[in-house]
Each structure stands twice: as C-alpha cells, then as structure tokens.
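Notes follow once the structure below has been shown.
The values are calculated or read from the model by the stated rules, or taken from the named source; none is laboratory data. Please read all numbers here as calculations on a predicted model, not as lab measurements. Note that each Cβ is placed from the backbone with ideal geometry, even for glycine, and that neighbours are counted across all protein chains shown.
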Amino acid sequence: MRPSGRQLDEMRSITIETNVTRHAEGSCLIKCGDTHVLCTASVDARVPSFLRNSGLGWVTAEYGMLPRATHTRMNREAKRGQSGRTQEIQRLIGRSLRAGVDRVAMGERQIVVDCDVIQADGGTRCASITGGWVALRLAVNALMKAGDITTDPLTDHVAAVSCGIYAGQPVVDLDYPEDSDAGTDANFVMTGSLGLIEVQASAEGATFSRDELNQLMDLAEKGVSELTAAQKAAVGG
C-alpha cells in the first residue's frame, strides 16, 4: 500500500493555472499533489554569445526553491551560492525543453524559463519541466500573435514524471515519503508522442532488473500521457 493510498499506476492530482503573473510572456502555476511550482517564460531578443549571427534560437532554464518550500527553512541560494543539485536540475529542464523546439523556426532570440518551487513534496524537477513547457507554449503564442514568429517552433509537448520501486512495487509519480524510501528512483522525460528525451534511473538500495525497468517505462508512458492531456487542457490544445 502506498502512503497516499494511491494505486500503483495512479498519478497525484494535476492542476495547471495559466497566466498567473502579469509581466511574463508566459506563466503558469502547476500543482502535482502537494508539489507546487511557479513557471514563467521570458522572451529576450539577445542570445548567448556562442549563438550570435547563427540564426538559431535558444531556450534555457533556471530553477530554485523558496526558503520554506520544504519542512525546514533553507537559506536562499542568492546568499549561500547555487548548489550542484540546483545546477543539475536547471540544466535538465533547459535541455528537455529544447528537445521540443525547432530552433531555426524560433529565430535568433532566447526564452528563459524560470521554475520556482513554492512547495515541495517530491518530483519538483518533473513538475518544473511539465509546467515549464506550458509557460514556454504561452510565450511562443505571444510571439506568434505579435507576428514575430511565423512558424510554430514547438514540435511537440514535453513532460516528465518520476517512477520508482517502493516497498518492492513499481509505482508512478513518487511523493516525498516514497521518494525518500524508494529502492529505485527514476525520472522520465518524454514528448507528447512518447519519444524519450532523457531517463535518469538509479538504485538507491538493491539493484533493479531489466523487467523492472520495463515496468517503470510503462508507468512513465501512462503518466506522461496524463500530463500531456493536462497541458493541452491548460493551453487549449
């Protein structure tokens, strides 16, 4: 039995509220159970120096957790410096979102996706990727409406879900009690058509088998399909 009482293949409740900030070209608040992440997408006419005069666009991301997003207060990273975990997560978000972008169609501009964890209960990187795509979609919609982009550069949805082996059973969408005690922990990033972008999987205790990895893949595909449906409902397709 899972601590939450969910079935093995049951996701947490998912809600995505769009246009939650006034100034960002795209924004949403994604809630995956008790994990809540504010995602904003900001358009910048400048690209990184290595892309100047290339005609290619760029999507990058920044990630952070508010001091009281967790059970005890953390110091702000602006005070103590970015942790290796934060750097790893924001790089994951950036390269995941870029996998669903035609950078030629995007034109020579940059979109920065900021993911700020308001409340954490496991799966913050996955929620950030899923919500980050919605914010990116809305920012691209704004560019297209303004006529700055004529061809939609987003080639597919991008979403992510955690899976793991908890109490000897493969489960989807781990919350904190499961994540902290899982024998195997994995994150799957996929397109809306279920193409794999990235898989992060590691044994936290005993090793896991190929068959168990296949079971986690099956759970991930179901979970990403549900997340994609939530993205479509949020942005209107």
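Summary of computed values
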| read-out | value |
| --- | --- |
| Hits in the stretch 180-237 (condition: more than 21 Å from Glu10 (Cβ to Cβ) and hydroxyl-bearing (Ser, Thr, Tyr)) | Thr191, Ser193, Ser202, Thr207, Ser209 |
| Filter result for Leu97 (touching a Lys or Arg at 6+ places or on another chain (Cβ under 9 Å), assigned to a helix (DSSP H, G or I) and not polar (S, T, N, Q)) | no |
| Answer residue from the stretch 58-70, given it is in a strand (DSSP E or B) and among the aliphatic types (A, V, I, L, M) and is nearest to Arg85 (Cα to Cα) among those | Met65 |
| Lone unmet requirement of (1) more than 26 Å from Val199 (Cα to Cα); (2) of a type outside the set (Lys, Arg); (3) at pLDDT 95 or above for Ile30 | (1) |
| Flag for Ala182 being outside any helix (DSSP H, G or I), aliphatic (A, V, I, L, M) and under 23 Å from Thr21 (Cα atoms) | no |
| Matching residues, the stretch 157-212, being in contact with a strand residue (DSSP E or B) (Cβ under 9 Å, 6 or more places away or on another chain), at pLDDT below 95 and polar (S, T, N, Q) | Thr207 |
| Single residue of the stretch 18-57 satisfying the filter (part of a strand (DSSP E or B) and aliphatic (A, V, I, L, M)) that is farthest from Cys126 (Cα to Cα) | Val43 |
| All positions within the stretch 128-163 that are basic (Lys, Arg) and buried (at least 24 other Cβ atoms within 10 Å of the Cβ) | Arg137 |
| Options Gln87, Gln200; residue that is part of a strand (DSSP E or B), more than 12 Å from the chain's Cα centre (by Cα) and surrounded by fewer than 19 Cβ atoms within 10 Å (Cβ to Cβ) | Gln200 |
| Check on Ile118, outside any helix (DSSP H, G or I), over 25 Å from Met74 (Cβ atoms), among the β-branched types (Val, Ile, Thr) and modelled with pLDDT of 95 or more | no |
| Some residue of the stretch 104-119 being closer than 23 Å to Ser202 by Cα and among the hydrophobic types (A, V, I, L, M, F, W, C) | no |
| Subset of the stretch 164-191 [under 14 Å from the mean Cα position of the chain (by Cα) and either surrounded by fewer than 17 Cβ atoms within 10 Å (Cβ to Cβ) or in contact (Cβ under 8 Å) with a residue 60 or more places away in the chain (or both)] | Asp173, Asn187, Val189, Thr191 |
| Identity of the residue in the stretch 1-17, under 19 Å from the mean Cα position of the chain (by Cα) and part of a loop (DSSP other than H, G, I, E, B), that ends up surrounded by the fewest Cβ atoms within 10 Å (Cβ to Cβ) | Ser13 |
| Test result for Ala99, over 24 Å from Tyr176 (Cα atoms), within 13 Å of the chain's Cα centre (by Cα) and surrounded by 13 or more Cβ atoms within 10 Å (Cβ to Cβ) | yes |
| For Thr150: the one exception among (1) more than 15 Å from Ile14 (Cα to Cα); (2) of a type in the set (Ser, Thr, Tyr); (3) in contact with a strand residue (DSSP E or B) (Cβ under 7 Å, 6 or more places away or on another chain) | (3) |
| Qualifying positions in the stretch 187-231 - under 19 Å from Val101 (Cβ atoms) and of a type in the set (Gly, Ala, Ser) | Gly192, Ser193, Gly195 |
